[in-house]
Each structure stands twice: as structure tokens, then as C-alpha cells.
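Remarks on the structure that follows.
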Amino acid sequence: MRALLTLIVIATLGWSGYWFVGQKGLQQAFGQWFDARRAEGWVAETSDLTVQGFPNRFDTSFSNLALADPDTGLAWEAPFFQILTLSYRPNHVIAVWPDDQLIATPQDKFRVQSTDMRASLVLAPNTALAPERATLTTEFLRVAPEARPDETTALTALTLAAERNGAATYRLGLATEGLSPSTPWRARLDPKNTLPTQLAGVRADLTVSFDKPWDRSAIEDARPQPTHIKLDLADATWGQLQLQAAGEISVDATGQPTGEITIKARNWRDILDLAVASGALPESMLKTLESGLSMMAQMAGNPQTLDIPLSLRNGRVMLGPIPLGPAPVLRLR
């Protein structure tokens, strides 16, 4: 009995020593990271950095956090941020965001409000801290320009999942519910106010390859850039309108995409009417375009559903030989 008690005491002392060494190591590591960012010209400030959770957790909390990267113009301010780990499984991390935070880009500042925003990350067991799997969820999300709070975009639920498949390839899944576009955006897209205020749902399943893995260097140095995107399915429903998309594109070093995306549109005539009402499509082109698309739909066997193959090449989006506009530049700041 005495030997068992002695063993328990030794194990307890050993585990306590491990925890306090880990606590000190985490505090020093984060402190050094902030010092390194400031040496590079960043704004990197926190009013308080604590590590708690003895004996089975390392709960790192930051208060009044402010980060700003001068090279990209991106900045983030939060009253608190937490990184939670189990002391016996330090590569599984839970990140917890506050209900109110500020994100700044070179174009604007955005107030982000949420309910229970958190992410679960399983990291590679090395100093690069590359996520192997990650899931971010929030029960509510509202984003608005700080100077124009009436331009609010909101949703009632968001789930974003990612899994690493290869050196720098990730499968991504997105699901949203109750997406409410901002009032100016809705006014431009639906000036006659014929659609509901919310999209019933937006879903996406895709695989993206980057020029390097997402790890700590993505924050410290430069963001990985997409090189190839395979869109298995994207689906959006807004009232009687439903859009689906699938396809595959490659992205060059300047962010120009090349490939083909097929759009499946249900009730596509209503979509054309919206395009004319919003000014995206000249009314003079409506009859010609509707006649051609109607023929395509009839040939496919369903006059209400249209499959539209869009090709992206030379910086343009093309419908067959018809240019529709410039292709988006796919570069992450």
C-alpha cells in the first residue's frame, strides 16, 4: 500500500512539473512570437496573456488583442481570444473568438458579430503547426462596414470544414443557413424586391491546391495562393431560384483562372429578368439571349432548367464565343 501511495505521489509531482514547464514554455513562445512580429513592423499587442487549466488543459487567453500586417494592410482587433488544448494532446486545438471583433482590409473596416464562434484544429506534430483537419462553426454571424452599419450581411448558421489531402491540397466544405444579403446588395440585384430577404441555404464542396501548405508561415510571411480548384458542387437557393455549379480551373501566378465551370439554373428566365432589372444585362440583349438559352434548355429536355458551360480564359468569362465580362482574380492578400 505504501509503495502504491509513493507511486501516486511521484506521478502527481511528475505531471504537475510537466504542466508548469508547459505553461511557462507556452507563455514564452507566444511572447517571443509577438516580439518577432513587432520587429518586422507589425502592430502586435495584447494587454494580458495567461495560461491556465491545471492539470489537464493549457488554456491560453489573450485580452485586448491587436494584430496588423503592414505588408498586406490586414488587421484584426478582439477584446479576447482563446486557444484551448488538452495537456496530454497538445496538437488538438480549440480556438474561441469573441462575440464582437474588428477586421480591417486596405479597402474597409468591418465589424464582425457572432454567437459561439469556435474552431477545432488538429495540427501536424511539428513546429510549422500546419492544420491537418479543421472545423469552424458559429450559430450566428453579422458582418457590416464599421462606417456603414446599415450595409449588414448576416446568416443564422455557418459551418466550414477543411481536411488536408497531400502536401498543400485541401478539401473544403461550406454550409450556411439563413443568409441575408446587405440592403444595398439586394437593392442592386433585386430592385423590384421580388425575392425573400434570406437565401434558404448555400452549400459548397471543393478541393483546392495551393503553392505551399497553410501553416504558421501563412500568418508570419505570406498567404498560400491557389493553383488549382476542383468544384464538386456549389448550391444556392433563393426563393424560386436555384443555382448549382461544378467544374475545374487552374490558377496561374498572377491569379488568373483558366478552365470551365458549368452552371445549372432552375427558373432561369426569372434570373434573366433579375439581371435586366439590376442593370447587369442590357435589355437590348434580353430577347436574343433568352431565345438562344431557351433552345439550349429545350435540347436538354427541361425548359425550366438550363445548363450553362462557362469557360474562363485570357482573363475573361465566356459563354461559348460570347464574352460575359472579366474573370475574377484569385489572389489572397
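The values are calculated or read from the model by the stated rules, or taken from the named source; none is laboratory data. Values in this document were obtained by computation on a predicted structure and should not be read as measured data. In this analysis, Cβ positions are derived from the backbone assuming ideal geometry, glycine residues included, and neighbour counts consider all displayed protein chains.
With respect to Thr138, determine if the residue is surrounded by 16 or more Cβ atoms within 10 Å (Cβ to Cβ), among the hydroxyl-bearing types (Ser, Thr, Tyr) and on the phi < 0 side of the Ramachandran plot. Spell out how you get there, then give the answer.
Details: surrounded by 16 or more Cβ atoms within 10 Å (Cβ to Cβ): yes; among the hydroxyl-bearing types (Ser, Thr, Tyr): yes; on the phi < 0 side of the Ramachandran plot: yes.
Spelling it out, Thr138 is indeed surrounded by 16 or more Cβ atoms within 10 Å (Cβ to Cβ), among the hydroxyl-bearing types (Ser, Thr, Tyr) and on the phi < 0 side of the Ramachandran plot.
Restricting attention to the stretch 101-128, the residues being crowded, with 17+ Cβ neighbours inside 10 Å and either in contact with a Gly (Cβ under 7 Å, 6 or more places away or on another chain) or more than 18 Å from Ala154 (Cα to Cα) (or both) number 3. The one condition from (1) over 24 Å from Thr115 (Cα atoms); (2) out of contact with any Asp or Glu (no Cβ under 7 Å at 6 or more places or on another chain) that Leu74 does not meet is (1). Here Leu129 clears all of (1) among the aliphatic types (A, V, I, L, M); (2) closer than 24 Å to Pro55 by Cα; (3) part of a strand (DSSP E or B) except the condition numbered (3).
Of all residues in the stretch 225-253, those satisfying the criterion of being modelled with pLDDT under 95 and either in contact with a His (Cβ under 8 Å, 6 or more places away or on another chain) or not in a strand (DSSP E or B) (or both) are Gly239, Gln240, Ala253. Taking Ser311, is it modelled with pLDDT of 85 or more, within 30 Å of Gly73 (Cα to Cα) and surrounded by 14 or more Cβ atoms within 10 Å (Cβ to Cβ)? So Ser311 does not fit the description; no.
Annotation: Val143 fulfils all but one of (1) closer than 18 Å to Ala168 by Cβ; (2) of a type in the set (A, V, I, L, M); (3) in contact with a Phe, Trp or Tyr (Cβ under 7 Å, 6 or more places away or on another chain); the unmet one is (1). Yes or no: Leu49 surrounded by 15 or more Cβ atoms within 10 Å (Cβ to Cβ) and at pLDDT 90 or above? Here the answer is yes, as Leu49 does meet what is asked.
Against the condition in contact (Cβ under 8 Å) with a residue 12 or more places away in the chain, touching a strand residue (DSSP E or B) at 6+ places or on another chain (Cβ under 7 Å), under 30 Å from Phe34 (Cβ atoms) and crowded, with 17+ Cβ neighbours inside 10 Å, how does Pro226 come out, does it pass?
yes
Among residues of the stretch 72-100 being at pLDDT 95 or above and charged (D, E, K, R), the one that is surrounded by the fewest Cβ atoms within 10 Å (Cβ to Cβ) is Asp100.
Results for (1) more than 30 Å from Glu40 (Cβ to Cβ); (2) of a type in the set (D, E, K, R); (3) at pLDDT below 85, shown as yes or no for each residue.
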position	(1), (2), (3)
Thr169	no, no, no
Arg188	yes, yes, yes
Val202	yes, no, no
Pro213	no, no, no
Ile219	no, no, no
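Residues are listed down the side, and each one gets a yes or a no for (1) charged (D, E, K, R); (2) more than 20 Å from Gly166 (Cβ to Cβ); (3) out of contact with any Gly (no Cβ under 7 Å at 6 or more places or on another chain):
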residue	(1), (2), (3)
Leu195	no, yes, no
Thr207	no, no, yes
Ser217	no, no, yes
Pro224	no, no, yes
Lys230	yes, no, yes
Ala236	no, yes, yes
Ser250	no, no, no
Ile261	no, yes, no
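In the condition set (1) surrounded by fewer than 14 Cβ atoms within 10 Å (Cβ to Cβ); (2) touching a helix residue (DSSP H, G or I) at 6+ places or on another chain (Cβ under 8 Å); (3) hydrophobic (A, V, I, L, M, F, W, C); (4) at pLDDT below 90, Leu5 is compliant with all but (2).
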